[in-house]
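Trainee: Please find one structure pasted underneath; my questions will follow.
The values are calculated or read from the model by the stated rules, or taken from the named source; none is laboratory data. Owing to the predicted nature of the structure, the values given are computational and were not obtained by experimental measurement. Reconstructed Cβ throughout: ideal geometry from the backbone, glycine too, with neighbour counts over all protein chains shown. These area figures cover heavy atoms from the full protein model, side chains too; ligands, DNA and RNA do not enter into them. Shrake-Rupley method; radii C 1.70, N 1.55, O 1.52, S 1.80 Å.
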Amino acid sequence: MVKKTVLDKTERAWWKKAVFYQIYPKSFQDTNGDGLGDLQGIIERLDYLETLGVDGIWLSPVFASPQADNGYDISDYCAIDPMFGTMQDMETLIAEAKKRGISIIMDLVLNHSSDEHWWFQEALKSRDNPYHDYYVWRDGKADCPPNDMGSVFGGSAWTYVPHLKQYYFHQFLEKQPDLNWENEAMRKELYKAIRFWVDKGVEGFRLDVIDQIAKEPDHKITANGPRLHAFLQELSREAFMEAGLVTVGETWSANIERAKLFSAEERKELSMVFQFEHICLDQQEGKEKWDILPLSLPKLKECVCRWQQGLHTEGWNSLFMNNHDLPRIVSRWGNDAEYRVESAKMLGTMLHGLQGTPYIYQGEELGMTNIKLDIASYVDPEIQNMYRERIKRGIPEAEIMESIWARGRDNARTPMQWNTERFAGFSTAEPWLPVNANYEAINAENALNDPDSVFWYYQKLIALRKQYAVLQLGDFTLLCPKDEKIFAYVRRWNDQKLCVVCNFTAEEVPFAVPAAFAGAQILLTNYAGKSWVLRPYEAKMLYLEV
Ligand code: TEU
Ligand code: CA
């Protein structure tokens, strides 16, 4: 087994060699029998993550929260919510992870707070309360909001407070009032909270919808307002002051030009961003994510190629296909039935062969799949609000459920599948969200005992990034751009050449190996043998040093 190499964190951009693992704590491991994942559960699973070989954990929020949006509604930026454990547990997690060469990256939600945060409770007291301006208010009268802006989760983005005769702005739930970044005192409070965690040994941050902190609701601007980069440069200077901190911004509105501004090293804003152009390719143009379009592989290839070449030497890509908001990739772009294992490995190969920092979402390394529940079982407010809105619009329920089963966020939030015990070893109590019925076949224990599992394949993918500089530094050339079945590309750096070939279909597809790779070594493949008629979801990573 490849021994995990511990990255030297004193190197300025250690995270360019790193692979991160995202944990959704509520669904990862419960240890006190309340059906909810907790910090102690993560501590107990650190050896599993060390075996996988990841260098950092992105922890979805564990701060104090009423859980209206599963912790993305923070009521105290410097406290751990008791459902996850204590501050001592958090300090133990940071220390125990560090012992294994694993950094902890926390998820900061700086665009909005919970309405139960004491700042908002103060703000509600009166218009001249010093905390009132920490939020975005507009005068008005009942039933006549300032404009028709909608919340991402449905309904109006404005909520009326009668005793103040004002509306407050919330891009998400009304329990998630937007923070007013024009208020310097508010910004300083956030920077203080971030330094609190840096002092505790946190080595990076994921920044929730960070492009939305600069907004102009009167002009219906919800992101990329004129002051965004000034805010980010101040945030970076005031809070991320350590050179070694890694920061990744979630920026749904990012295009390549904006991503360069966010991630160009000399601008000292962020290390990288999560952009979502590839994620939106299989939704109907100008519609919502629920309005599905079959994925076009040439479109995906063109998009990936543009981002790889666009940020090469001018920025830095994050590499992901999954997270806590997205359906499971093996069900979306792979085949979660007959070719689940092959397609999960193929998708991992496609992604980990690229330039950038890869992020593995919990369970992706097991080939965990989507789930089909009845509407009453779903917890996500985004799903419940969409269901109510679409039923009201007269859309047939069967059509609504197909969309939820394909795109709902709870697909990613079912409990981690550890073994064949009841509730998949996630908990001894009924979990907050049902366990996928396929847990007896798909679980970590089976995977660790099977040398051909997706887990061990991912472990090899992760190890390769530290062994071959071409993965971190190489350029990108797309092969056969029009081919609708094969995704193939070449990476080159000095005398190192890599060719990644992926069959995105359940068919057998012939592939003409580039002459330059005729004598190449096969670094990794999900099939035995060296056939160049690619089998269903066959992937190969070829390597040459000349
Ligand atoms: O997500 C931002 C966001 O807009 C997505 O939730 C998106 O709406 C949906 O997932 C796909 O259409 C971030 C967090 O990742 C998410 O979990 C939070 O719910 C949201 O912000 C509010 O904090
Ligand atoms: Ca628990």
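Trainee: Rounded, prolate or oblate: which fits segment 446-512 when a ≥ b ≥ c are the square roots of the eigenvalues of the alpha-carbon gyration tensor, with rounded for a/c under 1.5 and prolate only if a/b beats b/c?
Mentor: Values: a/c = 3.21, a/b = 1.12, b/c = 2.88.
Note, shape of segment 446-512 comes out oblate.
Trainee: Over all directions, average the projected area of the Cα convex hull of segment 391-483 and note it in nm².
Mentor: Values: hull surface 45.9 nm².
Across all orientations, segment 391-483 yields a mean hull projection of 11.5 nm².
Trainee: Estimate the FRET efficiency between residue 393 and residue 144 by the formula 1/(1 + (r/R0)^6), using the beta-carbon distance for r and 25 Å for R0, to the nearest 0.05.
Mentor: The pair residue 393/residue 144 has a calculated efficiency of 0.60.
Trainee: Using Cα positions and a limit of under 26 Å, work out the lysines in reach of residue 4, with same-chain residues fewer than 8 apart set aside.
Mentor: Cα-Cα hits under 26 Å: 16, 17, 98, 99, 200, 345, 460, 466, 497, 540.
Trainee: Right, here's the next one. Quick one: P(r) of segment 1-139 from all Cα-Cα pairs, 5 Å bins, percents rounded to integers, in order of increasing distance.
Mentor: 2, 10, 17, 18, 15, 13, 10, 7, 5, 3, 1, 0, 0
Trainee: Determine the equivalent ellipsoid of segment 483-546 by diagonalising the alpha-carbon gyration tensor, then write out the semi-axes as square roots of 5 times the eigenvalues, largest first, rounded to whole Å.
Mentor: Working: eigenvalues 85, 27, 18 Å².
Each semi-axis is the square root of five times an eigenvalue, giving 21, 12, 10 Å.
Trainee: Let me ask something else. On average, how much accessible surface per residue is there in segment 237-359, in Å², for a 1.4 Å probe, leaving out ligands, DNA and RNA?
Mentor: Values: 4300 Å² over 123 residues.
With all protein chains present, segment 237-359 gives 35 Å² per residue.
Trainee: For segment 67-147, what is the relative contact order in percent, using Cα pairs closer than 8 Å and at least 6 residues apart in sequence?
Mentor: Details: 50 pairs, mean separation 20.2, N = 81.
Value for segment 67-147: 25 percent.
Trainee: Do any trypsin sites (Lys or Arg not before Pro) in segment 174-280 lie in a loop, going by DSSP, with at most 16 other beta-carbon atoms within 10 Å of their beta carbon, and if so which? Present the calculation step by step, with values, prior to reporting the outcome.
Mentor: Details: sites: 175, 187, 188, 192, 195, 200, 206, 215, 220, 227, 237, 258, 260, 267, 268; in loops: 175, 200, 215, 220, 227, 268.
Counting only loop positions with at most 16 other Cβ atoms within 10 Å, the trypsin sites (Lys or Arg not before Pro) in segment 174-280 are 200, 220, 227, 268.
Trainee: Rounded if a/c is under 1.5, else prolate if a/b beats b/c, else oblate: with a ≥ b ≥ c from the C-alpha gyration tensor eigenvalues square-rooted, which is segment 98-168?
Mentor: On the way: a/c = 4.13, a/b = 1.91, b/c = 2.16.
Taking the square roots of the gyration eigenvalues as a ≥ b ≥ c, segment 98-168 is oblate.
Trainee: Quick check on packing: order 516-525, 66-75 by the mean number of other C-beta atoms within 10 Å, highest mean leading.
Mentor: The packing order, highest mean first, is 66-75, 516-525.
Trainee: Round to a whole angstrom and tell me the spacing of the C-alpha centers of segment 13-84 and segment 356-426.
Mentor: Measuring centre to centre over Cα atoms gives 19 Å.
Trainee: Tell me, what HN-Hα J-couplings in whole Hz come from the Karplus equation 6.51 cos²θ - 1.76 cosθ + 1.60 at θ = phi - 60° for each residue of segment 223-230, using x for Gly and Pro?
Mentor: 7, 6, x, x, 9, 4, 5, 5
Trainee: Quick check on segment 126-257: what are the equivalent-ellipsoid semi-axes from the Cα gyration tensor, as sqrt(5λ), descending, whole Å? Don't skip to the end; give the middle numbers.
Mentor: Working: eigenvalues 168, 62, 30 Å².
Semi-axes from the Cα gyration tensor: 29, 18, 12 Å.
Trainee: In the P(r) worked out for segment 268-405, what percent of Cα pairs fall beyond 22 Å? Write down the numbers at each step before the final one.
Mentor: Working: 4345 of 9453 pairs.
For segment 268-405, the fraction of Cα-Cα distances above 22 Å is 46 percent.
Trainee: Just to verify a number: FRET efficiency for residue 13 and residue 545, C-beta to C-beta distance, R0 = 22 Å, to 0.05?
Mentor: Values: r = 24 Å, r/R0 = 1.10.
Calculated value: 0.35.
Trainee: Next question, about the same structure. Points 7 angstrom from Cα along the Cβ direction at residue 513 and residue 122: gap in nanometres?
Mentor: The two pseudo-label positions are separated by 6.7 nm.
Trainee: Compute the semi-axes of the equivalent ellipsoid of the chain, taking the square root of 5 times each eigenvalue of the Cα gyration tensor, and list them largest first in whole Å. Don't skip to the end; give the middle numbers.
Mentor: On the way: eigenvalues 284, 131, 121 Å².
Semi-axis lengths for the chain are 38, 26, 25 Å.
Trainee: Tell me the per residue accessible area of segment 387-522 using a 1.4 Å probe; a whole number in Å² is fine. Write out the running numbers ahead of the final one.
Mentor: Working: 5950 Å² over 136 residues.
On a per-residue basis, segment 387-522 sits at 44 Å².
Trainee: Please list, in chain and number order, the residues 5+ apart from residue 223 or on another chain whose amide H is under 5 Å from its amide H, with Hs placed from the backbone.
Mentor: Here 216 satisfy the definition.
Trainee: Right, next: Given R₀ = 51 Å, FRET efficiency for residue 233-residue 477 by Cβ-Cβ distance, to 0.05? Walk me through the intermediate numbers first.
Mentor: Values: r = 34 Å, r/R0 = 0.67.
E between residue 233 and residue 477, to the nearest 0.05, is 0.90.
Trainee: Please go through segment 386-421 and write out the trypsin sites (Lys or Arg not before Pro) that DSSP classes as loop and that have at most 14 other C-beta atoms within 10 Å.
Mentor: Numbers: sites: 388, 390, 392, 393, 407, 409, 413; in loops: 393, 413.
Hits after loop and neighbour filter: 393.
Trainee: Quickly estimate the mean residue ellipticity at 222 nm for the chain, helices only: each DSSP H run with n ≥ 4 gives -39500 (n - 2.57), and the total goes over all residues, rounded to 500.
Mentor: Numbers: 15 runs with 147 residues, N = 546.
Helix-only estimate at 222 nm: -8000 deg cm²/dmol.
Trainee: Also, quick follow-up: Taking segment 318-415, which GluC sites (Glu not before Pro) meet the DSSP loop condition and have no more than 16 other C-beta atoms within 10 Å?
Mentor: Details: sites: 338, 342, 364, 365, 382, 389, 397, 399, 402; in loops: 338.
Answer in residue order: 338.
Trainee: With every atom except the alpha carbons ignored, what do you get for Rg and Dmax of segment 232-320, in angstroms?
Mentor: Gyration radius and largest Cα-Cα distance of segment 232-320: 14.9, 45 Å.
Trainee: Related question: Can you give me the Kirkwood hydrodynamic radius for segment 184-239, using every pair of distinct Cα atoms, in Å to one decimal? Each step should come with its number before you reach the end.
Mentor: On the way: mean 1/r = 0.0814 Å⁻¹.
That comes to 12.3 Å for segment 184-239.
Trainee: Expressed as a whole number of Å, what is the distance separating the alpha-carbon centroids of segment 212-238 and segment 265-331?
Mentor: Spelled out, the Cα-based centre of one part sits 22 Å from the other.
Trainee: Per the 1.4 Å probe, what fraction of the accessible area of the chain, in percent, lies on carbon and sulfur atoms?
Mentor: Numbers: 10590 of 20430 Å².
That share works out to 52 percent.
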